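The values are calculated or read from the model by the stated rules, or taken from the named source; none is laboratory data. Since the model is a prediction, treat every value here as computed from it, not as a measurement. Cβ placement follows ideal geometry from the backbone for every residue including glycine, while neighbour counts extend to all protein chains displayed.
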Amino acid sequence: MSAEIMGDPGPTGRFGQFGGRFVPESLVPACIELEEAFRSAWADPAFHAELDGILRSYGGRPTPVTVCGRLSEELGVRVFLKREDLAHTGSHKLNNVVGQGLLARRMGKRRLIAETGAGQHGVATATAAALFGMDCVVYMGEVDTHRQELNVFRMELLGAEVRSVSSGSRTLKDAVNEALRDWVATVADTHYCLGSVMGPHPYPWMVREFQRVIGEEAREQCRELLHGDDPTVVVACAGGGSNAAGIFAGFADTTASTLVAVEAAGGAAMTTGIPGILHGMRSALMQDEEGQILEARSISAGLDYPGIGPEHAHLGELGRARYESAEDKQVLEAFQRLARAEGIIPALESAHAIAWVIANAGTAALPAGSTVLVNLSGRGDKDVAQVRDVLRA
């Protein structure tokens, strides 16, 4: 596998034909400042030592890999879960926001802003802001504030201001729009803590590097469990795609593991989209014939985004990763099945990956007896009330 896979995209921030930096002129200096600050920090052993120390003593890393004995027996494949749901705040998001919080402090910024869909990135950003003594504003679509009321209160409890976005589809895409508008107006003292491998350069690369810890831990853990072998398939859900990029980064250099990202069927940018520009990046996007962005739909608030990160678009174009989708009905079934088989309630986002495993176990995509590593990117506490209402309806 080429060394360029999941490496440094260089100053242009390009992954093949995707990526780049498509922002208003007023934000170009901010993006360049951020890239320079990240390159400096990422080359500094003291920065890594502080980041690793916080993630270990505060965030709970390394997270374990759990062997799913009963589910494996039912499906005829060996199922392993990388337990990002056990990280502090309940998802993989803390890996990225602690890194960006430290970077913001290094740059002299006093205020963090963020977008959020399912609320997990917003909670993590509010947590980092509290930890580092920064002001925090989180933008969240009005639809998602209702779906994720618990996370809204968690953010407020942590001292963040949650601003409900009522424009457009009132979901994640529109929250990103408002966060970008805020950043344009307040860039002198504000850092935009973008939550996924999307947006203008250097965000897709930088967020992937902060999430790389997932894949590096998982590969070492799997080799211990599998007597030196890598898993046959590595699966993760994907909206913007940060948890998938993080775990893929640990396995991208080996063809022994097939990489599979699972989108929401109503937000399947890789399978139904075409190249275009949105939120400062060129990537695969859901568009109509006139190039207007279509509304994405998903039972999970974190996956209703009409695009995917540009590096994912590149990995798909190269054929290094496969991009599949799961229907809401499959996701609900997977949510319940993992809970009943293993006593683990996954986030609805993560349940997309579980749904793919259940649907494909014993097929050519996931042959009987093979090993599959699923990145369980978050826990399902936030989704229990929503799932209860759906199942009782």
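Inspection of the stretch 277-293 finds no residue satisfying the criterion of being among the acidic types (D, E), in a helix (DSSP H, G or I), more than 30 Å from C31 (Cβ to Cβ) and out of contact with any strand residue (DSSP E or B) (no Cβ under 9 Å at 6 or more places or on another chain). Would you say S350 is in contact with a Ser or Thr (Cβ under 8 Å, 6 or more places away or on another chain), assigned to a strand (DSSP E or B), within 28 Å of R170 (Cα to Cα) and of a type in the set (G, A, S)? Judged against the criteria, S350 is not a match.
Against the test of being among the hydrophobic types (A, V, I, L, M, F, W, C), crowded, with 24+ Cβ neighbours inside 10 Å, on the phi < 0 side of the Ramachandran plot and not assigned by TED's automatic domain parsing to the domain that holds D383, the options V143, V138 yield a single qualifying residue, V138. Looking at F251, F335, just one residue is more than 16 Å from the chain's Cα centre (by Cα), among the hydrophobic types (A, V, I, L, M, F, W, C), modelled with pLDDT of 95 or more and over 23 Å from W205 (Cα atoms), and that residue is F335.
Within the stretch 286-296, the presence of at least one residue that is closer than 21 Å to I354 by Cβ and under 17 Å from the mean Cα position of the chain (by Cα) is confirmed. In the stretch 325-332, is there at least one residue being assigned to a loop (DSSP other than H, G, I, E, B), modelled with pLDDT of 95 or more and more than 23 Å from K93 (Cα to Cα)? Scanning the stretch 325-332, I find at least one residue that is assigned to a loop (DSSP other than H, G, I, E, B), modelled with pLDDT of 95 or more and more than 23 Å from K93 (Cα to Cα), so the answer is yes.
Tell me yes or no: at least one residue of the stretch 108-129 is surrounded by fewer than 24 Cβ atoms within 10 Å (Cβ to Cβ), assigned to a helix (DSSP H, G or I) and modelled with pLDDT of 95 or more. Scanning the stretch 108-129 turns up no residue that is surrounded by fewer than 24 Cβ atoms within 10 Å (Cβ to Cβ), assigned to a helix (DSSP H, G or I) and modelled with pLDDT of 95 or more.
Of all residues in the stretch 220-254, those satisfying the criterion of being in contact with a helix residue (DSSP H, G or I) (Cβ under 9 Å, 6 or more places away or on another chain), surrounded by fewer than 24 Cβ atoms within 10 Å (Cβ to Cβ) and not hydrophobic (A, V, I, L, M, F, W, C) are D229, D230, T254.
Residues of the stretch 15-30 that are more than 22 Å from G101 (Cα to Cα) and surrounded by fewer than 18 Cβ atoms within 10 Å (Cβ to Cβ): G16, Q17, F22, P24, E25, S26. Are any residues in the stretch 31-86 of a type in the set (G, A, S) and surrounded by fewer than 19 Cβ atoms within 10 Å (Cβ to Cβ), and if so, which ones? Across the stretch 31-86, the qualifying residues are S40, A43, A46, A49, G53, S57, G60, G69, S72, G76.
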